[in-house]
Amino acid sequence: MNNSFIQQEEQSDSLVREQASERENNLVRLIETVGRIRESKDWCSLKESVFDGQVSRLRKELFAEAKKDDPNPNRLNRITGELKWAERYSDLKKYEDSLRVELQAIRKRYGKTE
């Protein structure tokens, strides 16, 4: 068997593990940061001013466009993207949970159980 192939495979695996470790560190910092932000008074004010009502407004807009006889696919895609964004970031607890799931998947795959 060709030893250079084995060496390349080991280097590739090492690089993937290094990238996973960097992502893990970033996720830990993000989770901590989101937790602090979620509990701050400033977030409550921002959420109330900007995010409250956005999800329901976008859903109504999406359904209204979809019910049209000739819905505009570009408009449907735009509204869908905005809705996904609003749903993801208007509820920081849900966002934090999604980050935790990703972190657990990385740790499970690479054997870290911290």
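The values are calculated or read from the model by the stated rules, or taken from the named source; none is laboratory data. Keep in mind that this is a model prediction, so the values were computed, not measured. Cβ: placed from backbone, ideal geometry, glycine included. Neighbour counts: every protein chain shown.
Within the stretch 46-73, track down each residue that is acidic (Asp, Glu) and over 28 Å from Val34 (Cβ atoms).
Across the stretch 46-73, the qualifying residues are Glu65, Asp69, Asp70.
Working only within the stretch 58-97, note down all residues that are surrounded by 12 or more Cβ atoms within 10 Å (Cβ to Cβ) and small (Gly, Ala, Ser).
Ala66, Ala86, Ser90, listed by residue number.
Looking for whichever is of a type in the set (A, V, I, L, M, F, W, C), modelled with pLDDT under 95, surrounded by 11 or more Cβ atoms within 10 Å (Cβ to Cβ) and under 18 Å from the mean Cα position of the chain (by Cα) here; the options are Val55, Val16. Which one fits? Outline the logic, then answer.
Numbers: Val16 fails: under 18 Å from the mean Cα position of the chain (by Cα).
When all the criteria are applied, what remains is Val55.
Filter the helices (runs of 4 or more DSSP H) completely within the stretch 29-114 down to those with at least 2 residues that are β-branched (Val, Ile, Thr) and over 30 Å from Arg17 (Cβ atoms).
Where helices (runs of 4 or more DSSP H) fall fully within the stretch 29-114 and carry at least 2 residues being β-branched (Val, Ile, Thr) and over 30 Å from Arg17 (Cβ atoms), they are 73-90.
Cβ-Cβ distance below 7 Å, separation of 6 or more or different chains: which pairs start in the stretch 74-97 with a residue that is farther than 15 Å from Gly35 by Cα and end on one that is acidic (Asp, Glu) and modelled with pLDDT of 90 or more?
Sorted first by the residue in the stretch 74-97, then by its partner, the pairs are Arg75/Glu65; Leu76/Glu65; Ile79/Glu61; Ile79/Glu65.
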